[in-house]
Structures are given as C-alpha cells and as structure tokens.
Amino acid sequence: QVQLAESGGGLVQAGGSLRLSCAASGISFRFYVMGWYRQAPGKQRELVAGITGGGSVTYVDSVKGRFAISRDNAKNTVYLQMNSLKPEDTGVYYCKAKGIGDNIWGQGTQVTVSS
C-alpha cells in the first residue's frame, strides 16, 4: 500500500523548533523527489522545501536559513527541521512524493506557532 505518514507537528512558541518526519511505504523511495508543502488558512498550498534522491535541496525564500530538509533513503523517511519558527509559519504541512507519472500526498500535520 502506497502511503506517506507525517508526524511531528504541534504547538510551539515563536523562536522555537519542530522536526517533522514523513515515512513512506509502498514506493521505491530513493527514486522520488520529496517535498514539504504548507497551507495556511485562506491561502494556497506552497512548496516549502524539496530534496532529490541524490540530496539536492531547494527552499522557499521565507524559510532559508531557518529550515533544513533531509532524507534517509535507508529508512524511507524525509525530515524537515524547523528552527526560529515564526507565527507566519503556521499551517498544515504536507509531505509529497513525486515520481515519474505520479504524485503522492500525505494527510498533513498541523504546525501552530504562537506569538
């Protein structure tokens, strides 16, 4: 069964840190480009960070220097380390696996940053 399962969201004060995890099953993980997206209330879903199977990374400008995406191909897991969190980082964070011909989404995990 193809599945992405996110974990690690929660409520944190501004300036704090969270680490999100996304465990994949049912796919050849190392061949997939993995991404973390977020959707704030009333806004469109946006790409926060992405990582290729070989480890090349990309970030949206608003999180550069604060967030770090990584992956462990042996564990079929991608991570998002979020530091210096701001209230504007609040939203539902989704994991996505992009392969040739398919896109797989997780169910999302809520991140709330209080001021």
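The values are calculated or read from the model by the stated rules, or taken from the named source; none is laboratory data. Quick caveat, the model's predicted, so the values are computed rather than measured. Heads up, the Cβs are rebuilt from the backbone with ideal geometry, glycines too, and the neighbour counts pull from every protein chain shown. These accessible areas exclude ligands, DNA and RNA; they are computed on the full protein's heavy atoms, side chains included. Shrake-Rupley method; radii C 1.70, N 1.55, O 1.52, S 1.80 Å.
Per residue, the average separation of C-alpha pairs within less than 8 Å and at least 6 apart gives the stretch 1-94 a relative contact order of 33 percent.
Among the trypsin sites (Lys or Arg not before Pro) in the stretch 42-115, which ones are in a DSSP loop with at most 16 other Cβ atoms within 10 Å of the Cβ? Mind listing them? Numbers along the way, then the final one.
Details: sites: Lys43, Arg45, Lys64, Arg66, Arg71, Lys75, Lys96, Lys98; in loops: Lys43, Arg45, Lys64, Arg66, Lys75.
Taking the stretch 42-115 and a limit of 16 other Cβ atoms within 10 Å, the loop trypsin sites (Lys or Arg not before Pro) found are Lys43, Arg45, Lys64, Arg66, Lys75.
With every protein chain in place and a 1.4 angstrom probe, the accessible-area ranking of Val63, Val57, largest first, reads Val57, Val63. Could you work out what % of the accessible surface of the chain is carbon and sulfur, using a 1.4 angstrom probe and leaving DNA, RNA and ligands out of the count? Within the chain, the accessible surface is 48 percent carbon and sulfur. Ligands, DNA and RNA aside, Phe67 has an accessible area near 10 Å² when probed at 1.4 Å. Here the label points at Gln39 and Lys86, each 7 Å from Cα along the C-beta direction, are separated by 2.3 nm in the simple model. The residues of the chain expose on average 52 square angstrom of accessible surface per residue, using a 1.4 Å probe on protein heavy atoms.
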